[in-house]
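All remarks here apply to the structure that follows.
The values are calculated or read from the model by the stated rules, or taken from the named source; none is laboratory data. All values reported here derive from a predicted model rather than from experimental measurement. Positions of Cβ are backbone-derived with ideal geometry, glycine not excepted, and every protein chain shown enters the neighbour counts. When the accessible area is computed, the model is the full protein with side chains, heavy atoms only, and any ligands, DNA or RNA have been set aside. Shrake-Rupley method; radii C 1.70, N 1.55, O 1.52, S 1.80 Å.
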Amino acid sequence: MNQGNEAYAERIRSLAPTEEPERQYYFIDVMKGILLAREEELGRKLTMNIQTFGCQMNAKDSETLAGILSSIGYLESDSEEADLVLYNTCTVRENANTRVYGRIGYLGNRKKLNPEKRIILCGCMMQEPQAVEKIRKSYRFVDVIFGTHNIYKLAELLFEREISGSLIVDVWDKAETIVEDLPRLNKYGFKAGINIMYGCNNFCSYCIVPYVRGRERSRSAEDIVEEARHLAACGVREVMLLGQNVNSYGKNTEGGITFAQLLARVSEVEGIRRIRFMTPHPKDLSDELIEEIARNDKVCKHVHLPLQSGSSSLLKAMNRHYTKEQYLELVAKIKERIPGVAVTTDIIVGFPGETEADFEDTCDVVRRAGFMSAYTFLYSKRTETPAAKMENQIPDDVAGARFKRLLEVVGEVSSAQAQEFEGQTVPVLCEEYKAEEGLMTGRMDNNLLVHFPCEEKLLGELVTVKLDVCKGFYYLGTLCSTGV
Ligand code: 5AD
Ligand code: SF4
């Protein structure tokens, strides 16, 4: 696809609008032309495959990236044999990076068989200079690398790659602006994520996110509500409002509204039936937010509240700004004011200096808080973070043994929590259909899943289901009524 013509490239660049997103729509059109010409030569369509690692924010970014690629003309494929493979990476834990290197190596071998193949890497891991250096040296077949702050530039970067015929690297230290109104290819037609803010200012001592995602920036409430309206018009019933710490929403924006007020505004959008959000920080979860969740029928009764550790001294070393007691009081308040609420959490095992007593504190909180589910992680040392320099790093075998014990405690507590709904009839959103078994998987307001026999045409609809039997972490049920 290499045009090999600098004069042509200069002319294309000189005609490009300077404003965004207009500039990117221009490069989408340019790339569309290049792709069409290539497809004519090859006598076939070109395909793309996106692999997303990590959190919901990355999943949302991948929908934008898929939107740009499909506007250019690439057809979606579910195989990494596709002509363009894009990895949207995560670097929260070291093993995510190791996995990515292994898979890039494999892609390199496939590229030898398909010279059209383009390998694009983006996301959090690319914000780390060491990672980019390693790829430049050892994986020279990669085509484009960009970070978390300029995903909107994908079409322009692909154009530069086609012109130069060699690797394009464009990683920024911080975001310049928030670019609105980019194309988007929604993975599920009926539910979608909406970014409400980017970045994080909390600097928990173990966490690399503030270094790779930059400082907090909130989108305007108008832009968020407009996106919700647009999604609703496209058939979306459930939106998930996304931010590293949603409690900070609007705090550094002139005339900004609070997160609770934002929930109220989004819930006024006609067609949106359910609102979820991720993630509030326990240190500043307001009473106003608790009241809004309790009051607002559209806001799901589910609060994901990362604990990280149950030991007050470890929480201090983690820079979390709450104690064991404060966390437990907060959970008690949430459960009292929001009947039927599910509280879920994230826990790290093996943080530097973790003693047996610290670990017991964590298990104690799991039992007393009554989590519906918990994501458990082995502490992973991330370069540049304060915790990486701490003494008393915990040996792998000790951390591993504690991790296993924690899984047992979490398993007992969450299956007891899940049991409580047996026999009830509840609204669920039909999310996945397995044709072989004729079974639909629906998600309750509190995030639990239920499988029940029904027809495929109800996919994406809200229905009511009787919860017949609890099977540990999910239910088997019977469809009661449609058109809720
Ligand atoms: N090691 C292990 N887990 C981590 N998390 C963040 N940083 C690390 C780390 N260095 C976990 C936290 C966070 C979740 C998204 O990832 O529990 O809430
Ligand atoms: Fe990382 Fe803490 Fe920010 Fe969450 S709040 S992204 S754990 S620094």
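Give the residues of region 351-384 whose amide nitrogen is closer than 17 Å to a point set 7 Å from the Cα of Ser138 in the direction of its Cβ.
Residues passing the 17 Å test: 383.
Would you mind checking the tilt of helix 6-15 against the longest principal axis of the Cα atoms of the chain, expressed as 0 to 90 degrees and rounded to 10?
Here the helix axis deviates by roughly 60 degrees.
What are the principal axis extents of the Cα atoms in region 197-289, in Å, biggest first?
41, 26, 23
Apply the Kirkwood formula to region 251-366: the hydrodynamic radius equals the inverse of the mean of 1/r over all pairs of different alpha-carbon atoms; give it in Å with one decimal.
Numbers: mean 1/r = 0.0644 Å⁻¹.
Hydrodynamic radius (Kirkwood, Cα pairs) of region 251-366 is 15.5 Å.
Over all alpha-carbon pairs in region 304-420, figure out the percentage whose distance exceeds 18 Å. Each step should come with its number before you reach the end.
Details: 3323 of 6786 pairs.
Tail fraction, whole percent: 49.
Pulled fully out, how much extra length does the chain show between Leu36 and Ala357, if you take 0.36 nm times their separation in residues and subtract their Cα-Cα distance? Spell out each step's value before the answer.
Numbers: separation 321, 0.36 × 321 = 115.56 nm, distance 6.40 nm.
109.2 nm is the gain from fully extending Leu36 to Ala357.
With all protein chains present, calculate the accessible area of Met372 using a 1.4 Å probe and round the result to the nearest 10 Å².
We get 10 Å² for Met372.
Give me the Kirkwood hydrodynamic radius of region 83-178, using the inverse of the mean 1/r over all pairs of distinct Cα atoms, in Å to one decimal. Before the final figure, lay out each step's value.
Details: mean 1/r = 0.0737 Å⁻¹.
Computed over Cα pairs of region 83-178, the Kirkwood hydrodynamic radius comes out at 13.6 Å.
Which angle between 0 and 90 degrees, to the nearest 10, do you get for helix 56-72 versus the longest principal axis of the chain when only C-alpha atoms count?
Around 30 degrees separate the two axes.
Based on the alpha carbons, how large is the Rg to Rh ratio for region 1-71 when Rh follows Kirkwood? Don't skip to the answer; put the middle values down first.
Working: Rg = 14.8 Å, Rh = 14.2 Å.
Over the Cα atoms of region 1-71, Rg/Rh equals 1.04.
For the chain, report the accessible area per residue in Å² (1.4 Å probe, heavy atoms, rounded to an integer). Walk me through the intermediate numbers first.
Details: 21270 Å² over 484 residues.
Ligands and nucleic acids excluded, the result is 44 Å² per residue.
What FRET efficiency comes out for the pair Ser415/Arg215, r = Cβ-Cβ distance, R0 = 45 Å, nearest 0.05? Intermediate results must be reported in sequence, preceding the final value.
Values: r = 40 Å, r/R0 = 0.90.
For R0 = 45 Å, the calculated efficiency reads 0.65.
Dividing the alpha-carbon radius of gyration of the chain by 2.2 N^0.38 Å (N being the number of residues), what value is obtained? Working shown, then result.
Numbers: Rg = 23.7 Å, N = 484, 2.2 N^0.38 = 23.0 Å.
Its radius of gyration relative to the 2.2 N^0.38 Å reference: 1.03.
Sum -39500 (n - 2.57) across every DSSP H segment of at least 4 residues in the chain, then divide by the residue count to get the 222 nm mean residue ellipticity, nearest 500. Show your work: numbers first, answer last.
Details: 14 runs with 183 residues, N = 484.
Value at 222 nm, helices only: -12000 deg cm²/dmol.
I want to check the label-to-label distance for Leu185 and Glu268. Put each point 7 Å from Cα in the C-beta direction and report it in nm to one decimal.
Reported label-point gap for Leu185 and Glu268 is 3.6 nm.
So, with +1 on the Cβ of K and R and -1 on the Cβ of D and E, and no other charges, what is the size of the charge dipole of the chain about its Cα centre, to the nearest 20 debye? Each step should come with its number before you reach the end.
On the way: 60 positive and 71 negative charges, 145 e Å.
That gives the chain a dipole magnitude of about 700 debye.
Mind checking the alpha-carbon convex hull of region 3-170 and giving the volume per residue in Å³? Mind showing how you got there, number by number?
Numbers: hull volume 18.9 nm³, N = 168.
Enclosed volume per residue, from the Cα hull, is 113 Å³.
Add +1 for every Lys or Arg and -1 for every Asp or Glu among the other residues with Cβ under 15 Å from the Cβ of Ala387, and state the total. Walk me through the numbers on the way to the answer.
On the way: positive: Arg93, Lys316, Arg320, Lys381, Arg382, Lys389; negative: Glu94, Glu354, Asp358, Glu384, Glu391.
Combined, the nearby Lys, Arg, Asp and Glu give +1.
Of the heavy-atom accessible surface of the chain (probe 1.4 angstrom), what whole percent is carbon and sulfur?
Values: 10650 of 21270 Å².
Ligands and nucleic acids excluded, carbon and sulfur reach 50 percent.
Name the residues of region 163-194 whose amide N is less than 20 Å from a point 7 angstrom out from the Cα of Leu458 along the C-beta direction?
From region 163-194, the list is 189-191.
Under a point spin-label approximation (7 Å from Cα along Cα-to-Cβ), what is the Glu226-Asp346 distance to one decimal in nm?
Label at Glu226, label at Asp346, 3.0 nm between them.
Count the DSSP beta bridges whose two residues both fall in region 174-328, then state the antiparallel fraction as a percent rounded to the nearest 5. Before the final figure, lay out each step's value.
Values: 2 of 13 bridges.
So the antiparallel bridges in region 174-328 amount to around 15 percent.
By how many degrees, between 0 and 90 and to the nearest 10, does the Cα long axis of helix 129-138 differ from the longest principal axis of the chain?
50
Glu431's amide H: which non-local residues (gap 5+, or another chain) put their own amide H closer than 5 Å, with H modeled 1.01 Å from N in plane and none for Pro or chain starts?
Hits under the 5 Å cutoff: Thr441, Gly442, Arg443, Gly460.
No partner Cβ under 4.7 angstrom, meaning no disulfide-compatible partner by this rule: which Cys of the chain qualify?
Cys55, Cys90, Cys122, Cys124, Cys200, Cys234, Cys300, Cys363, Cys430, Cys454, Cys470, Cys480
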